[in-house]
């Protein structure tokens, strides 16, 4: 579907989590093969090829989507229309040869546009077109539907905490441990280094439509891929819209519709919808874009009277200081899984006869003790620890930690011996665009045999990796935190003298 699909989830059973994610990606592939207008053998391509000659029998799932698309078209008074495909082809957005068509070409193509030209027979489960030249597509809702299907699959596998992102659409299942929701950033449509707002999501979806991801420049004019099916031209006046709704399909569709309607009509439309929250960012050709939000918009920063936009550096600093970590929006996502916990444990505890997993929940007193040893506040109360067993005695502890690097969390596993010494460090997941050199043995070995009383100051006691200072600092903090957790919770010779 031309977008990156990302699934982040919490779970205690690795096999079940892996099966759930594999099922999600398999479902996305199935929907791609079913609904893609670019695959000649897809169900959608078959309908577009035959429906102008007569009724085409199709699957209930496709009938459902067509019915939903027609309903949205009526509801938005044609701002969203599933018959947009001929216009997309005219402007070259279905190929790499984008052009600005003549007014005559646009007017002729508009004759093929209109949801009322798609005729359904629910009893026979058929679809037909009024005439030749009509084509349908699900570009404004296909990824949203795929996300909703992914969410259902995760729930069927027993997953209750997950974030599913597909391009600019995201659904939050439950919330991370000890948090009230998943934090998702909305990127500034004119500056990749800035964000407009951060929202906290739980059991709902957000869809964002913007004119900055696809389009082309010609003679100093930017032509966006979001076309207005009522005029035949790219929608104007709006830079981006974001909508929070119960389903990803609804969020996807309504964000596109509000974008096409324009600043004032789009804002009024969103404000009239019960249960819908949204923002409309108008393009005023100024440094500060115009932002209008519904009264119940849950943004962290837009609800502050002091200002609407935040510089990236200010934003990240605030996030690290206040909430500890942030799920950044899909446009700047980057994640490399180097090791699973099982693989890391084989490296960190190769001689242990067995390893058991344990979830520890800090009491208020324990949390204060850990914070004192670390030298800073900690947000989480719950941690995953693996305890090695050798001759029926604890042979070591391995703590999994997420610590902010330059922009995003890095997942570490730190092993601590019963004597309270670091016996090994591994990087499990790296989400930065650069700086993965912190995995090098030369850097990691600096932490071996460090204890809770060892000085761990970057640049003095620990040499940072050149060009990756923030990532180096994050792993230093992870080691200090792991030592403190083991010290406070398990003791076993690790207590501070």
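Whether any residue in region 116-131 is in contact with a strand residue (DSSP E or B) (Cβ under 7 Å, 6 or more places away or on another chain), in contact (Cβ under 8 Å) with a residue 24 or more places away in the chain and within 20 Å of residue 235 (Cα to Cα) is what I want to check. No, because not a single residue in region 116-131 is in contact with a strand residue (DSSP E or B) (Cβ under 7 Å, 6 or more places away or on another chain), in contact (Cβ under 8 Å) with a residue 24 or more places away in the chain and within 20 Å of residue 235 (Cα to Cα). Would it be correct to say that residue 147 is surrounded by fewer than 22 Cβ atoms within 10 Å (Cβ to Cβ) and closer than 21 Å to residue 66 by Cβ? Against the criterion (surrounded by fewer than 22 Cβ atoms within 10 Å (Cβ to Cβ) and closer than 21 Å to residue 66 by Cβ), residue 147 does not qualify. Residues that are closer than 19 Å to residue 187 by Cβ and touching a helix residue (DSSP H, G or I) at 6+ places or on another chain (Cβ under 6 Å) within region 252-264 comprise 252, 258, listed in sequence order. Residues that are assigned to a helix (DSSP H, G or I), surrounded by fewer than 16 Cβ atoms within 10 Å (Cβ to Cβ) and modelled with pLDDT under 90 do occur in region 3-14. The number of residues in region 186-195 being in contact with a helix residue (DSSP H, G or I) (Cβ under 8 Å, 6 or more places away or on another chain) and either at pLDDT 80 or above or within 12 Å of residue 210 (Cβ to Cβ) (or both) comes to 2. Scanning region 456-483 for residues that are outside any helix (DSSP H, G or I) and either in contact with a strand residue (DSSP E or B) (Cβ under 9 Å, 6 or more places away or on another chain) or at pLDDT 90 or above (or both) yields 456, 464.
In summary, residue 77 fulfils each of the numbered conditions (1) buried (at least 17 other Cβ atoms within 10 Å of the Cβ); (2) assigned to a loop (DSSP other than H, G, I, E, B) with the single exception of condition (1).
Just to check your reading of the model, which residue among 297, 325 is assigned to a loop (DSSP other than H, G, I, E, B), modelled with pLDDT of 50 or more and either surrounded by 13 or more Cβ atoms within 10 Å (Cβ to Cβ) or not assigned by TED's automatic domain parsing to the domain that holds residue 477 (or both)? So the residue among 297, 325 that is assigned to a loop (DSSP other than H, G, I, E, B), modelled with pLDDT of 50 or more and either surrounded by 13 or more Cβ atoms within 10 Å (Cβ to Cβ) or not assigned by TED's automatic domain parsing to the domain that holds residue 477 (or both) is 297.
In the set (1) in contact with a helix residue (DSSP H, G or I) (Cβ under 6 Å, 6 or more places away or on another chain); (2) closer than 23 Å to residue 448 by Cβ; (3) touching a residue at least 60 places away in the same chain (Cβ under 8 Å), residue 398 fails one condition alone, (3). Quick one: what pairs do we get from region 178-193, first residue closer than 17 Å to residue 298 by Cβ, second at pLDDT 85 or above and assigned to a loop (DSSP other than H, G, I, E, B), C-beta under 8 Å, 6+ apart or different chains? Listed by first residue and then by second, the contacts come to 180/202; 181/175; 181/202; 182/175; 182/176; 182/202.
Looking only at region 234-258, which residues are part of a loop (DSSP other than H, G, I, E, B) and either under 19 Å from residue 84 (Cα atoms) or out of contact with any strand residue (DSSP E or B) (no Cβ under 8 Å at 6 or more places or on another chain) (or both)?
Within region 234-258, 235, 236 meet the criteria.
If you check 55, 86 for being touching a helix residue (DSSP H, G or I) at 6+ places or on another chain (Cβ under 6 Å), surrounded by 15 or more Cβ atoms within 10 Å (Cβ to Cβ) and not assigned by TED's automatic domain parsing to the domain that holds residue 245, only one passes: 86.
The values are calculated or read from the model by the stated rules, or taken from the named source; none is laboratory data. Model, not experiment: these values are computed from the prediction. Methodologically, a virtual Cβ is constructed for each residue, glycine included, from the backbone with ideal geometry; neighbour enumeration extends over all protein chains shown.
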